[in-house]
Amino acid sequence: MTYLSIRTVRPQFIQITPKLNYFKLKYTENITILCLMIHCPLKKIIHCDGKLKFIIKDKLTIRSLLDIDDKLRSVLEPYKPILVKDDGDYGIYLYPNSKLLEIYNRKPKVVHIHIKSIRRNTHLNTPVIYILNE
């Protein structure tokens, strides 16, 4: 399968379609992309408090993810943000699984953040995030 990873996301081109148990995302700048796939240069990946933290070093990526969070929060309140600021760094916290642990062990300089949908819940709408590295 071929993926197209976006360097900078412009939130006005994000479309949110409600479904029964989730919200589907689409990006429609110039062409239609059926998910958000963000190119993400990393500072490092650390294992802490039972989670993997992907610390992002690129300012454009941080800005894009903050813009995505702002757009989704404005439409899907209550919303759990993708990006978390901790100790001056921005990162994405994910629970480890076998694929994420493989990525963690390889210590890549770049990953791709794949966001296809938002899990719908009355208490908290949560983005479904995949990390790709290849």
Open item on the list: As an exercise: evaluate Asp49 against (1) surrounded by 16 or more Cβ atoms within 10 Å (Cβ to Cβ); (2) more than 23 Å from Ile14 (Cα to Cα); (3) modelled with pLDDT under 95 and give the number of the one condition it does not meet.
Closed with: (1)
- [ ] Filter segment 80-134 down to residues that are touching a Pro at 6+ places or on another chain (Cβ under 6 Å), more than 20 Å from Lys43 (Cβ to Cβ) and either small (Gly, Ala, Ser) or modelled with pLDDT under 95 (or both), then give me how many there are.
- [x] 2
Open item on the list: Please determine whether any residue of segment 65-74 is surrounded by 13 or more Cβ atoms within 10 Å (Cβ to Cβ), acidic (Asp, Glu) and under 12 Å from the mean Cα position of the chain (by Cα).
Closed with: yes
Open item on the list: For segment 20-38, which positions are surrounded by 11 or more Cβ atoms within 10 Å (Cβ to Cβ) and without any contact (Cβ under 8 Å) to a residue 24 or more places away in the chain?
Closed with: Lys26, Tyr27, Thr28, Glu29
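For the subset of segment 63-93 comprising residues that are of a type in the set (A, V, I, L, M) and in contact with a Lys or Arg (Cβ under 9 Å, 6 or more places away or on another chain), which member is nearest to Ile129 (Cα to Cα)?
Going through segment 63-93, the residues of a type in the set (A, V, I, L, M) turn out to be 65-66, 68, 72, 75-76, 82-84, 92.
Subset that is in contact with a Lys or Arg (Cβ under 9 Å, 6 or more places away or on another chain): 76, 84, 92.
Numbers: Leu76: 16, Val84: 14, Ile92: 9 Å.
The extreme case among them is Ile92.
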Task: Output for segment 54-80, where each listed residue is touching a Leu at 6+ places or on another chain (Cβ under 8 Å) and either of a type in the set (Lys, Arg) or closer than 20 Å to Ile14 by Cβ (or both) - done: Ile56, Lys57, Ile62, Leu65, Leu66, Ile68, Asp69, Pro78, Tyr79, Lys80
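Quick one: which of Ile92, Ile82 is assigned to a loop (DSSP other than H, G, I, E, B), buried (at least 16 other Cβ atoms within 10 Å of the Cβ) and free of Cβ contacts under 8 Å to residues at least 60 places away in the same chain?
Working: Ile92 fails: assigned to a loop (DSSP other than H, G, I, E, B).
Ile82 is the lone residue from the list that is assigned to a loop (DSSP other than H, G, I, E, B), buried (at least 16 other Cβ atoms within 10 Å of the Cβ) and free of Cβ contacts under 8 Å to residues at least 60 places away in the same chain.
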Open item on the list: Please determine whether any residue of segment 59-69 is part of a strand (DSSP E or B) and β-branched (Val, Ile, Thr).
Closed with: no
Task: Test: Leu20 is more than 23 Å from Thr8 (Cβ to Cβ), assigned to a loop (DSSP other than H, G, I, E, B) and out of contact with any Asp or Glu (no Cβ under 9 Å at 6 or more places or on another chain) - done: yes
- [ ] Among what's in segment 45-64 and is in contact (Cβ under 8 Å) with a residue 40 or more places away in the chain and of a type in the set (A, V, I, L, M, F, W, C), pick the residue that is nearest to Asn97 (Cα to Cα).
- [x] Leu52
Task: Number of the condition not met by Ser117 [criteria: (1) surrounded by 12 or more Cβ atoms within 10 Å (Cβ to Cβ); (2) not in a strand (DSSP E or B)] - done: (2)
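The values are calculated or read from the model by the stated rules, or taken from the named source; none is laboratory data. These numbers come from a predicted model, not from an experiment. All Cβ positions, even for glycine, are placed from backbone atoms using ideal geometry, and neighbour counts span all protein chains on display.
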